[in-house]
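Q: This is the structure I have questions about; it appears just below.
The values are calculated or read from the model by the stated rules, or taken from the named source; none is laboratory data. All of these numbers come straight from a predicted model, not from anything done at the bench. A quick note on method: Cβ atoms are made from the backbone with ideal geometry, for glycine too, and the neighbour counts reach across all protein chains shown. These accessible areas exclude ligands, DNA and RNA; they are computed on the full protein's heavy atoms, side chains included. Shrake-Rupley method; radii C 1.70, N 1.55, O 1.52, S 1.80 Å.
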Amino acid sequence: MITILKPGTTEERRNQLTRWFESQGLQVHAAIGPEQTVLGLIGDTSGIDAEMLRLLDIVESVSEISDPFKSANRKFHPEDTIVDVCGAKCGGGNFAVIAGPCSVENPAQIKEVATRVKASGATMLRGGAFKPRTSPYDFQGMRAEGIELLLEAKRETGLPIVTEIMNANHLPLFEEVDVIQVGARNMQNFELLKELGKTDKTILLKRGLANTLKELLMSAEYIMAEGNENIILCERGIRTFETYTRNTLDLSAIPVLHNLTHLPVVVDPSHGTGHANLVETMAMAAAAAGADGIMIEVHNDPAKALCDGPQSLTPDQFHRLMAKVSKVREAVTCD
Ligand code: PEP
Ligand code: MN
């Protein structure tokens, strides 16, 4: 349920009403803007008489929200959320560029890629240390050592780091990680989401291979319900009957999610297409469609990559992509 207060309502009256809602067992999410104050009620509102509320002199309108996601809902929080990762912002007009290899492979590789993507304008460094591979015989990642190498690359370049978690028991290893990625395969690992909700880390939540946008938002809700609101959503393509591309990159997810939620939305055209030669075009398309950032796999020698080489760009290709994406962003920004 959402209660919009009349302009000019005093803080005292607002607090009075808030306390009353709380006494009814509800959590109140207040969005106090210059024009409007919106009180979002989270919890069981069946005991609240909307008609009676509407009669209060400070209440402008009351609407009942049937969306099951409350904290992530834009109706409760009309302003865009801007996630700030050590100064690298995402959302509300701030464009994040997360780039780096699929997996951290050795010190020289991550160092070189980090230096090159930083020089081309990346704002965060990605690299998998724990890898969710379809086959147990494939490279599983460097694990704790991989995180150490990412931290070293961060010290050298200043880029905040993004890396995937697969098991909540590994959380102590992520203490210095800036952004914890929840991969597509774990989007509905609800116990993991709850544990991440208890941290204050930024979470990059990727859409599952066969999940709807509503399910993605419900997963974000799991994290937010525990108190962590630092979430970046990531569209990375879904499974369809099409086999030419690795996944079908659903770019309509960007405007749909922007309508439904205040959380920033980034796009991963690397996993979204699976082919290096399609990544630049789809990165430009994502920027044109209003994405708050992109995530791009970059490898110093894609042919020899231990994971996802066919979709990885060389640093030179990434440099070109950055130039093109920034032109697209200029073209679609009106002010
Ligand atoms: C990744 O980012 O390397 C990854 C495994 O992504 P996804 O979970 O989207 O497949
Ligand atoms: Mn990958």
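Q: At most 12 other Cβ atoms within 10 Å and a DSSP loop assignment: could you name the GluC sites (Glu not before Pro) in segment 15-95 that fit?
A: GLU35, GLU64, GLU79
Q: Where in the chain are the helices, taken as whole DSSP H runs, whose Cα atoms extend 24 angstrom or more along the long axis and whose Kyte-Doolittle mean reaches at least 1.6?
A: Going by DSSP H runs, there are no hits.
Q: Using unit Cβ charges (K, R positive; D, E negative) and no other charged atoms, how large, in debye to the nearest 20, is the dipole of the chain about its Cα centre?
A: Values: 33 positive and 44 negative charges, 143 e Å.
Once rounded to the nearest 20, the dipole reads 680 debye.
Q: Could you sort SER219, SER46 by their accessible area in this structure, using a 1.4 Å probe and putting the largest first? Let's see the in-between values first.
A: On the way: SER219 0, SER46 95 Å².
Of SER219, SER46, the descending order of accessible area is SER46, SER219.
Q: Which residues' amide hydrogens lie under 5 Å from the amide hydrogen of GLN181, considering only partners 5 or more residues apart or on another chain, with H built in the peptide plane?
A: Residues meeting the criterion, in which the H sits 1.01 Å from N, are THR163, GLU164, ILE165, LEU204.
Q: Give me the extension gain from ASN106 to LYS6: residue separation times 0.36 nm, minus the current Cα-Cα distance, reported in nm with one decimal.
A: Values: separation 100, 0.36 × 100 = 36.00 nm, distance 5.92 nm.
Contour length minus Cα-Cα distance gives 30.1 nm.
Q: Here's something else I'd like to know. Can you give the extra length, in nm with one decimal, that the chain gains between ASP316 and ILE65 once fully stretched, where that is 0.36 nm per residue apart less the Cα-Cα distance?
A: Values: separation 251, 0.36 × 251 = 90.36 nm, distance 4.83 nm.
Full extension from ASP316 to ILE65 adds 85.5 nm.
Q: Counting residues in segment 191-335 as N, plug N into 2.2 N^0.38 Å and put the Cα Rg over that result.
A: 1.08
Q: Follow-up. Report Rg(Cα)/(2.2 N^0.38 Å) for segment 150-203, keeping two decimals.
A: That works out to 1.15 for segment 150-203.
Q: Going through the cross-link list LYS111/LYS201; LYS89/LYS131; LYS89/LYS206; LYS75/LYS327, which pairs have a Cα-Cα distance over 29 Å in this structure?
A: LYS75/LYS327
Q: For the pair LYS327 and ALA288, how long in nm is the line joining their label points, each one 7 Å along Cα→Cβ?
A: Computed distance between label sites LYS327 and ALA288 equals 1.3 nm.
Q: With all protein chains present and a 1.4 Å probe, how do PHE318, PHE139, PHE241 order by accessible area, largest first?
A: PHE241, PHE139, PHE318
Q: Sort TYR222, TYR137, TYR244 by accessible area with a 1.4 Å probe, largest first. Walk me through the numbers on the way to the answer.
A: Values: TYR222 80, TYR137 205, TYR244 150 Å².
Largest to smallest exposure gives the sequence TYR137, TYR244, TYR222.
Q: Here's another thing I want to ask about it. When the helices in the chain are scored as -39500 (n - 2.57) per DSSP H run of 4 or longer and the sum is shared across all residues, what 222 nm value do you end up with, to the nearest 500 deg cm²/dmol? Please report the intermediate quantities before stating the final value.
A: Working: 10 runs with 110 residues, N = 335.
Taken over the chain, the calculation gives -10000 deg cm²/dmol.
Q: Rounded, prolate or oblate: pick one for segment 1-153, where a ≥ b ≥ c are the square roots of the eigenvalues of its C-alpha gyration tensor, a/c under 1.5 means rounded, and failing that, prolate if a/b is larger than b/c, else oblate.
A: Note, shape of segment 1-153 comes out prolate.
Q: Quote the FRET efficiency, to the nearest 0.05, computed for THR243 versus ASP57 with a Förster distance R0 of 45 Å and r equal to the Cβ-Cβ distance.
A: Details: r = 62 Å, r/R0 = 1.37.
Efficiency for this residue pair is about 0.15.
Q: With a Förster radius of 25 Å, plug the Cβ-Cβ distance of LEU209 and TYR137 into 1/(1 + (r/R0)^6) and report the FRET value to the nearest 0.05.
A: With R0 = 25 Å, the Cβ-Cβ based efficiency is 0.75.
Q: Mean projection of the alpha-carbon convex hull of segment 83-333 over all orientations, in nm²? Each step should come with its number before you reach the end.
A: Values: hull surface 47.9 nm².
Averaging across all directions leaves 12.0 nm² for the Cα convex hull.
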